[in-house]
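What follows is a short report on a single structure.
The values are calculated or read from the model by the stated rules, or taken from the named source; none is laboratory data. Quick caveat: nothing in here was measured; it's all calculated off a predicted structure. Virtual Cβ from ideal backbone geometry, glycine too; neighbours counted across all protein chains shown. With ligands, DNA and RNA removed, areas are computed over all heavy atoms of the protein, side chains included. Shrake-Rupley method; radii C 1.70, N 1.55, O 1.52, S 1.80 Å.
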Amino acid sequence: MVASELSKLLNQRTADFMALFTMEGDSVMDIISSLITSLLKGCAEESRTSVGQRLKLICADCLGAIGAIDPAKVKGFSSTRFKIACSDDDLIFELIHKHLARAFRAAPDTIIQDSAALAIQELLKIAGCEASLDENVLNRQKTSNILRWTNHFRGVWMTALKCLVGGRVRHDMQVAMYLLPYLVLNAVCDGTEEARSGITEEILSVLDAAASDCSTTAVHGNNSGQGEVCIQAVFTLLDNLGQWVDDVEQELALSQPLQSSNSKQQAVKLKDQSMTLPKDSNQLLVQCKHVSELLGAIPKITLAKASFRCQAYARSLLYFESYVRDKSGAFNPASERNGVFDDEDISFLMEVYSGLDEPDGLSGLASLRKSKSLQDHLLINKKAGNWAEVLTSCEQALQMQPFSVQRHSDVLNCLLNMCHLQAMVTHVDGLNSRIPQYRKTWCTQGVQAAWRLGRWDLMSEYLTGANEEAYPFVVKLHLLRELEDFNSLLNGESFLGRRFQLDEPGFLRALENWESRLKLTQPSLWAREPLLAFRRLVFSASGLSAQVGNCWRQYAKLCRSSGHYETANRAILEAKAVGASNVHIEKAKLLWSTRRADGAIAELQQSLLNMPVEVVGSAAISSITSLSVVPVNPPPLLSDTQSMNENLDVAKTLLLYSRWIHYTGQKQKEDVINLYSRVKELQPKWEKGYFYMAKYCDEVLVDARKRQEDSTEQSVRVIPSNLALVTSTSVNSERRWWTYLPDVLLFYAKGLHRGHKNLFQALPRLLTLWFDFGSFYYRSNLQSSKDMKNVHGKVMSIMRGCLKDLPTYQWLTVLPQLVSRICHQNEETVRLVKHIITSVLRQYPQQALWTMAAVTKSTVSSRRDAAAEIIQAARRGSSHGGSNSMFVQFASLVDHLIRLCFHPGQSKARTINILTEFSALKRMMPVDIIMPTQESLTVNLPSYDVNLTDSGTSDIFSYLDLPTITGIADEAEILSSLQRPKKIILMGSDGSERPFLCKPKDDLRKDARMMEFNAMINRLLSKCAESRRRKLYIRTFAVIPLTEDCGMVEWVPHTRGLRQILQDIYISCGKFDRQKTNPQIKRIYDQSQSKMPEDEMLKTKILPMFPPAFHKWFLNTFSEPAMWFRARIAYAHTTAVWSMVGHIVGLGDRHGENILFDSTTGDCVHVDFSCLFDKGLQLEKPELVPFRLTQNMIDGLGITGYEGTYLRVCEIILSILRAHKETLVSVLETFIHDPLVEWTKSHKSSGVEVQNPHAQRAISNIEARLQGVVVGVGAAPSLPLAVEGQARRLIAEAVSLKNLGKMYIWWMPWF
C-alpha cells in the first residue's frame, strides 16, 4: 500500500523531510500541499471495511510525522464543481472511472470485488461496448448537453442502475451518495405528486431532527455516526438539485436572446428545428418547476439551524444569509435600497461567524447591530482573545442560568486560556459534584488542565469519566507523534523515573526535530500552546529548568502576539521563577505592546546596567546613563562559546533598547549612534545590527538635508545671490548632510553582505541614496569643495566594493531600478551601473534579457546605445556556454514578437496564421530561452550563508527546471478590443502550453512597474503576522515590455471580467437584453442631463433596473458551502488589498473588463494599468472615486457589505503600506528616471536623464497618501488621518452616489 510506504519513508528519513519542508519556493510548497491534501482526504474516507479503517490510521500517522504545518503556507486546491451528468455516456464514465474502479481496487474480499466487476461489465454493455446491442442504442442521437435527459435514460437506464449496482451500494457509501441525486431527480421529474411530497417529508424529517437536537450535542459535536451520514446525504442532495436547476435555467435563458437576435438565415434554420427544440425546452421547464418546488418547500431557516447544529457553519451561513436577504435585504450604501436587520438575525449570524473562526466578519456584524446583547459581547471578546472579559460575561450569564452547560464550558475554556490551570481543576471537581449528569463534558475539559499540570492521578480519573476543521486534528496528530517519539526514547522505563541530559545524542536529536517542527506550525496560541505544554512536562521531569523557562518564554510571546496580555504576564513570571534567559526582553515587549513605553525602556535599561560592564561596553553604559565619557578603545571581547551566546543576548537587548530610544527620541544623536555601534561590535556577523544602524543614520541624513536645504532657500530669498552660497555654508557649524552618506551606504552594504532578510528594503534604498548623491555632485561640480570630492570618492569606493562582494542574485532583484539609471548625469556612476548590469547579464542572462528587452528598443538613442554596450560586454565575458547564440536568438525572437504585436491582421479576421504570416518565427523554434512566466522571472532567495559565493547561488534559478520555449501554436487569436491584441500560445520544454497576450500601442512599462510594486507588497504582507494569518496577497503575472509602446502579458487562466459575469446573471434574470438595454441607459442619461442631479438620476432611474446580483455568481460557481465561503473570503481579501494599493498609486479606469474574477478561488485580479498615477483625474470625465466599490462589488461581500472583513483588511493593508513608505517609494522612483512615453512628449529627450515634473508630482501624491492624506478623490484634500479614519473616508468616497453619478457612463456605476 502506498500510504504504508510513505509512512516508513517519513519515519526513516525525518531529517531529509524537515529540510525539504523548510525550503522556500512555490514548487516545494505545491508538492507538500498536494501531499497534505491527499492525506486529509484519506483520513476523511468514508469506509466500513478493515482496510479502509487501517488506511485512515496510516494517513493520520503520516500527518503526525509531517507535523501541523501552518495552513497559511499550504496552498489550497480548488475542487471541481459537481455537475449532474446529462447523458448516459457521461454518467457511465463518471460512475466507472471515479467510483466503481476505485471500489474494485480497494475491495477487501472477493465477494465485494465481484460485485463491483459485474456492475462495471453491465454498465459497459449499456454504453454500447457489446456488438449484440440494439442498433438504436449504438447510434444514439447527440443533442444539447442539458437536453439529453431522455425517457430511455430515466426509465430502463435507472432501473438497470438500481438492479446492477445495488449489491455494491451496500458496501460503499460513496457510490450510494453519488447515485442518490440521480434517483431523486428521476422521481421528482417523472414521478407522481405523491412521490414528490414523500421525498419532501423525508428530507424535512431529517432536518427537523437535526435542528431540534439538544444544545449540549452542539457543544462538542457528539452526533451519532448514522445521524451525521443522513444529514450529510440530505445536504449533498439539495446542493446537487439546486445546481441542476441553476444550470438548466441559465442555459435556457442565455439561449433565448441569441435566438431572438439571429439573422434571417439563422431564423430559417431555427424554423426547421422548431418541431423539437420548444418541446424539449417546455418539458425541461416543467421538470425544473417540479425540482424548484421541492427546494422551495424546505424553509431556509430550518436548513440554516440544522447545519449549525451539525457544526456545518459555512452551510449554515449560506442558507441563513439567503433567508435574511429575502427578508431584510443587505447592507449596501451604493445600491438603491439599504437593508436594515433584526437584532435576533444578527445574533444568529454572529454565532455562525464565531463557529467559522472569522473575527473580522464578527466585528462587521457587531457594527450593524442596534444594541449588543451579553451573548454578543461574549462572542466578540472570545474571538478577540479577551479572556478576562469573556470570564466576566460568563459569570453574568451564570447568574441568570446557573446550570447552563455552555456557560460552564466557556468558563473552563477561559481558565485554560488564561493559564489558571489549578483553578480549572477545582472548577471541574465542583461541576462533577454539582452537575454530575454532564460529567463526560467536564472531564473532557479537565484532562486539558491535568496533563499540563503533570497531575497524572487526575488524568486517570478524568479519562475514566471522559469518553473540529481539519487543522485542529492535525495539531493533535502532531502532538501524538512527539509523544510517540518520547515514548521510544524512554525504552520501557518510567516517565517519572528517567532523567535525560542534553548531551545524550538521541534526546538531542529529538529536541532538534521538535524545534524544527514547531517552527513550521501556525504561529498561533491555540496551535502551539499544547506542544509547548508537553515539552515543559518533558523538561521539568528531567530537571532541565532552562529549557522549561524557554518554553514559558515562547508561550508568553504567543500570548502577547495574540493580545492575551494577562496570560503573557503570568507566563513571564513562571519563566523568571525557573531562571530563563532573556525574560527581560519579553517583559519589555509586553510593556511596549500595552503602550507603556517608559516602563519598557526602563526594563531594558535596568537589565543592561545589571550586565557585566566589560560585555555591554563602557561607551554604551555612558550613553545609557547619558554621560559623555566615551573611551577611545572598546574593551576586548571574549571568544569562548558561552561568552558569544552572552554577547548575542546583550546585543539583542541593546538593539531593542537602541531602536526604542531612537523611536521615542529620548537620547541625543551621539548616544544613539554609540549604542548601535556597540551592537555591531558585539555581533559583527549579525545582519540586523547593521541594518538598523543604517536606518538610523539614514534618518539623520534625511533630517540634516531637509534642514540645510530649507535654511539655504531662506538665505537665497533674504540675501543677495552672490552671498547666498557663503551664507548657506555658514548658517551653522553642523556637518553637511552628504558627509553622513558613506557611513549609511557602508552599513547598508555590510548588512546585505551578512544576509538578505532586509534585501528588498536595504538595496533599493542604498541605490536611491547613491544615485541622488551622484546627481547632486554633478550639479555642484563647479562649486564642490575638497570635502565633497573626498566623500564622492568614498561613495564610489563603497559601491565598487558592493559590486565585488554582494552576490549577483541580490543585484538581479533591483535590475529595473539599475536599468532606469543607465543615462545618469554622473559619468562615474554610469560606468559602475553598466558594470553591475553586465555582471547580472553574465550570471543570469535568461531573466535579465527579458528585463532589458524594452530599453534595447528605446526611442531615446542614448538609452538604446547604453543598453547595446552592456549587452555586448555581457556577451564577451559570459560564463554560460553557448550564451552567445542565446543572445542572438533572443534579439531575433524579440523582433518577431514586436512584429506580431503590431501585425494588423485582416480587417474582420479573428485569427492570424503564424505558419504563413510568421514562418521565420516558426522555423527558429526551439530556442534556448526561458518562458517569460512569473515563476521563471521571480528570484527565490536561497537560505543565506555568510560564506556563500556566486558559484553557490545559481540554484535560485535551476536552468534544468525552468521551461524553455520549444514552439508556438500555428494560430494566434485576435481579440476584439480597440488595439486588436493577439493571444498566442507558447509551447514549453516541459510539455506545457502557456498563453500570452501581445499588446500593441500600449506602454507596458507601467504594468511592469506595477507588478514589481505588487511583488514588493506581497513580500511585506508575508512578513506581517496579521496579513499572513489572513493569507493576504496580490495576484501577480509576468509583464514583458518589448518596446516603449508594445509588449507581452502572461495570460491569467480561469478568469472572467466583472461585466461579462454580471451581464450573464442579469440576462438569466430577464433584467438585461443585449440589443436594447445599453441604448435605453444612454437615453436615460441624455434625457436627465441638466434636469436632475446625477446622484438622483442614478438612484431613481438606473439602479432600480439592476438590483445587486453579484452574490449569485458565488452561489452558482462555488456550489459546496465550504468552497463558497472560502471563495467569498478570498474575494473580500483580494478586493480590499487591490482597493488600497490601487488608491495609493492612483490607479484608475477600473471598469468591468479590467477587474477579473477567478472561478477556481474567487480571487479578484486587476489588469491593464495604463491609467496609473491619477491619470483618471485628467480625463474629460474625471474619475472621482478612489477605487471601484459599486453596488455589485459590495453585494459580493455578503449581507454585511464592506463592514467586517473588507474594512479590516483595508486597515491592515494601509498600516503595512504606511509603515514601509520609503521602500515602496524607492520602487516607484524608477518612473522618474525611466519616463513614460506620455511624460516625454512635452519636452525633448536629451542624452542624459532630466527631472520630470509629471513623475515628481505622481510620487508626491503617493507620499501624501502614505502619510494619511486623502488625495485625488471627489472631496477636498484632508489633513493626515489615522489608518482607520483613512480607510473609512476612502470607502465613503467610493460608495458615494454623488461621486458615482458623475462617472463616465460606460464605466457602468450600476454594475
Inset, instruction - Would you mind stating whether residue 894 is among the aliphatic types (A, V, I, L, M) and surrounded by 18 or more Cβ atoms within 10 Å (Cβ to Cβ)? - result: yes
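Would you call residue 1185 buried (at least 24 other Cβ atoms within 10 Å of the Cβ) and β-branched (Val, Ile, Thr)?
The answer is yes for residue 1185.
Please list, ordered by residue number, the helices (runs of 4 or more DSSP H) wholly in segment 891-937 having 1 or more residues that are of a type in the set (Asp, Glu) and more than 29 Å from residue 870 (Cα to Cα).
914-917
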Inset, instruction - Can you tell me which residue among 1168, 1174, 1163 is among the acidic types (Asp, Glu) and open to solvent by less than 10 Å² (accessible area, probe 1.4 Å)? - result: 1163
Inset, instruction - Residue by residue through segment 897-907, note down the ones that are surrounded by 13 or more Cβ atoms within 10 Å (Cβ to Cβ) and either at negative phi or at pLDDT 90 or above (or both). - result: 897, 898, 899, 900, 901, 902, 903
Inset, instruction - Mind listing whichever residues of segment 537-568 are in a helix (DSSP H, G or I), open to solvent by 20 Å² or more (accessible area, probe 1.4 Å) and not hydrophobic (A, V, I, L, M, F, W, C)? - result: 540, 545, 547, 550, 553, 554, 557, 560, 561, 562, 565, 566
Legend entry - Residue within segment 1203-1219 that is among the aromatic types (Phe, Trp, Tyr), buried (at least 22 other Cβ atoms within 10 Å of the Cβ) and outside any loop (DSSP other than H, G, I, E, B) present: yes
Inset, instruction - Filter segment 957-998 down to residues that are within 30 Å of the chain's Cα centre (by Cα), assigned to a loop (DSSP other than H, G, I, E, B) and of a type in the set (Asp, Glu), then give me how many there are. - result: 2
Inset, instruction - State yes or no: is residue 624 at pLDDT below 85 and open to solvent by less than 60 Å² (accessible area, probe 1.4 Å)? - result: yes
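Each row is one residue, and each column tells you yes or no for (1) at pLDDT below 90; (2) more than 24 Å from residue 854 (Cβ to Cβ); (3) open to solvent by less than 10 Å² (accessible area, probe 1.4 Å).
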residue	(1), (2), (3)
758	yes, yes, no
761	yes, yes, no
767	no, no, yes
776	yes, yes, no
783	yes, yes, no
793	no, yes, no
820	yes, no, yes
825	yes, no, no
841	no, no, yes
Inset, instruction - Taking residue 978 as meeting all but one of (1) surrounded by fewer than 22 Cβ atoms within 10 Å (Cβ to Cβ); (2) under 25 Å from residue 928 (Cα atoms); (3) not acidic (Asp, Glu), write down the number of the exception. - result: (2)
Inset, instruction - Could you please find all residues in segment 797-820 being assigned to a loop (DSSP other than H, G, I, E, B) and more than 26 Å from the chain's Cα centre (by Cα)? - result: 806, 807, 820
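Just checking, how many residues over segment 914-940 are out of contact with any helix residue (DSSP H, G or I) (no Cβ under 9 Å at 6 or more places or on another chain), buried (at least 16 other Cβ atoms within 10 Å of the Cβ) and within 11 Å of residue 967 (Cα to Cα)? Talk me through it step by step, then tell me what you get.
First pass over segment 914-940, keeping only residues out of contact with any helix residue (DSSP H, G or I) (no Cβ under 9 Å at 6 or more places or on another chain): 916, 919, 923, 925-926, 931, 933.
Still in the list and also buried (at least 16 other Cβ atoms within 10 Å of the Cβ): 931, 933.
Next, from what is left, pick out any that are within 11 Å of residue 967 (Cα to Cα): 931.
Residues in segment 914-940 being out of contact with any helix residue (DSSP H, G or I) (no Cβ under 9 Å at 6 or more places or on another chain), buried (at least 16 other Cβ atoms within 10 Å of the Cβ) and within 11 Å of residue 967 (Cα to Cα): 1 in total.
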Inset, instruction - Only residues that are surrounded by fewer than 16 Cβ atoms within 10 Å (Cβ to Cβ), not basic (Lys, Arg) and not in a helix (DSSP H, G or I): list them for segment 569-610, please. - result: 579, 581, 594
Inset, instruction - Could you tell me whether any residue of segment 475-498 is in contact with a strand residue (DSSP E or B) (Cβ under 9 Å, 6 or more places away or on another chain) and in a helix (DSSP H, G or I)? - result: yes
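Based on this model, can you work out whether residue 408 counts as within 37 Å of the chain's Cα centre (by Cα) and either open to solvent by less than 20 Å² (accessible area, probe 1.4 Å) or at pLDDT 80 or above (or both)? So that I can check it myself, show each step before the final result.
On the way: within 37 Å of the chain's Cα centre (by Cα): no; either open to solvent by less than 20 Å² (accessible area, probe 1.4 Å) or at pLDDT 80 or above (or both): yes.
It is false that residue 408 is within 37 Å of the chain's Cα centre (by Cα) and either open to solvent by less than 20 Å² (accessible area, probe 1.4 Å) or at pLDDT 80 or above (or both).
Take the conditions at pLDDT 75 or above and either under 30 Å from residue 805 (Cβ atoms) or surrounded by fewer than 17 Cβ atoms within 10 Å (Cβ to Cβ) (or both) and apply them to residue 960. Does it pass?
no
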Legend entry - Residue check, residue 864 open to solvent by 40 Å² or more (accessible area, probe 1.4 Å), in contact with a Phe, Trp or Tyr (Cβ under 7 Å, 6 or more places away or on another chain), at pLDDT 80 or above and in a helix (DSSP H, G or I): no
Legend entry - Failed criterion for residue 94 (all others in (1) at pLDDT 60 or above; (2) farther than 30 Å from residue 1122 by Cα hold): (2)
Legend entry - Residue list for segment 503-523, restricted to those being at pLDDT below 85, surrounded by fewer than 19 Cβ atoms within 10 Å (Cβ to Cβ) and assigned to a loop (DSSP other than H, G, I, E, B): 503, 523
Inset, instruction - Could you run through segment 433-455 and say how many residues are assigned to a helix (DSSP H, G or I) and either in contact with a helix residue (DSSP H, G or I) (Cβ under 8 Å, 6 or more places away or on another chain) or within 16 Å of residue 419 (Cβ to Cβ) (or both)? - result: 16
